[in-house]
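The values are calculated or read from the model by the stated rules, or taken from the named source; none is laboratory data. Keep in mind it's a predicted model, so treat the numbers as computed, not measured. Cβ placement follows ideal geometry from the backbone for every residue including glycine, while neighbour counts extend to all protein chains displayed.
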Amino acid sequence: MWLTLALTSALLLAVRRIFEKKLTGVFGNFSLSLVTLGFSLPFLAILYFFSTSPVQITSLSARFWMPLIFIWIFLYPLQNYFLYRSLREGEFSEVTPVSALLPAFNIVSSFIVIHELPTMWGALGIALTVLATWLLLSNAGSVRINMPVLFMTISVLCTAVGSTLDKVAIEVSDPVTYSFVNISGAILVFGILTFATRSQGELRYVRAHIGTLCFMGALLAVGFVVFSSAFTLGPTSYTLALRSGGLLLAALWGIVFLHESLSRKKLTALVLFTFGTLFLAVG
């Protein structure tokens, strides 16, 4: 069951990244986070209040709230800031595959927090993924680092740590309750950041993109719950590996529909990402 849920989550995330790429040309990093999460909240509220057995929020323990508070204050701002900078400034087909690093990073935090270890295949998958990321980070014939790829790497690192904390909090609640509370708090955080950085003027573009934002809100809400459900049933790193694999489809979108370049180095990296993700999933 977790396999089906993880694959569904992968497809939903790939579609979401395509629309986020388009919206980075309209909104800033924090205002885009605010509006996408804001439009997902009504859908999550419906799922929560009509859930058969939602956990009462007032009864949740510190094991639920402490991971969430750390995610809200530290991880989400960094994660989304670098995510949207990467999507805005880099080639879509170059930055989205870097999300395959997520299970590789997560294995470290999963071992420390919940004592999960990879198999031999999982370790091989990590090695291939790290090598692929290095190929994208290094510019041929130059000592300069590919900054959009670096930004995505930082975002993925934050996501990896947050994913382990997600699992801790989900285990003492349920996927629907966790998704609803997580997104509610994140909206508050990004609302404060939007006004603190004087980006509230960008919110005037919401009306022009209302249809896209409603679609993305539904996509994010369903995707979050589906992924959280997969998380409760499957190993952390391998669930993340399958979910990250969906972003390889987003990379192909960039090549086919955005007419981005396909150099030998990028093609090699995509192949390594594919095999790395497969080995992590098989492991």
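Couple of notes before you dig in:
- Verdict on residue 272 being buried (at least 21 other Cβ atoms within 10 Å of the Cβ), part of a helix (DSSP H, G or I), at pLDDT below 75 and more than 15 Å from the chain's Cα centre (by Cα): no
- On the stretch given as the range 1-22, residues that are surrounded by fewer than 21 Cβ atoms within 10 Å (Cβ to Cβ) and more than 15 Å from the chain's Cα centre (by Cα) total 5.
- Test: residue in the range 186-202 that is buried (at least 16 other Cβ atoms within 10 Å of the Cβ) and in contact with an Asp or Glu (Cβ under 9 Å, 6 or more places away or on another chain): yes
- Any hit, the range 15-23, residues being out of contact with any Cys (no Cβ under 6 Å at 6 or more places or on another chain) and within 18 Å of residue 160 (Cβ to Cβ): yes
- Within the range 52-68, the set of residues being surrounded by 13 or more Cβ atoms within 10 Å (Cβ to Cβ) and among the hydrophobic types (A, V, I, L, M, F, W, C) comprises 55, 57, 60, 64, 65, 66, 68.
- Against the numbered list (1) among the charged types (D, E, K, R); (2) surrounded by fewer than 20 Cβ atoms within 10 Å (Cβ to Cβ); (3) under 16 Å from the mean Cα position of the chain (by Cα), residue 89 comes up short only at (3).
- Test for residue 163: is it modelled with pLDDT under 90, assigned to a helix (DSSP H, G or I) and buried (at least 23 other Cβ atoms within 10 Å of the Cβ): yes
- Scanning the range 198-244 for residues that are farther than 19 Å from residue 176 by Cα, part of a loop (DSSP other than H, G, I, E, B) and small (Gly, Ala, Ser) yields a count of 1.
- Residue match in the range 130-142 (condition: of a type in the set (Phe, Trp, Tyr), at pLDDT 80 or above and in a helix (DSSP H, G or I)): yes
- The range 175-203 residues that are more than 15 Å from residue 224 (Cα to Cα), paired with ones that are of a type in the set (Asp, Glu) and surrounded by fewer than 22 Cβ atoms within 10 Å (Cβ to Cβ) (beta carbon under 9 Å, 6 or more apart): 194/202
- For residue 278, the criteria (1) out of contact with any helix residue (DSSP H, G or I) (no Cβ under 8 Å at 6 or more places or on another chain); (2) at pLDDT below 80 hold in every case but one, which is (1).
- The one condition from (1) more than 15 Å from the chain's Cα centre (by Cα); (2) farther than 23 Å from residue 278 by Cα; (3) of a type outside the set (A, V, I, L, M, F, W, C) that residue 232 does not meet is (2).
- For the residues 249, 219, 240, 278, the requirement of being in contact (Cβ under 8 Å) with a residue 24 or more places away in the chain, more than 17 Å from the chain's Cα centre (by Cα) and crowded, with 16+ Cβ neighbours inside 10 Å singles out 278.
- Check on residue 181, in a helix (DSSP H, G or I), at pLDDT 95 or above, among the aliphatic types (A, V, I, L, M) and under 27 Å from residue 61 (Cβ atoms): yes
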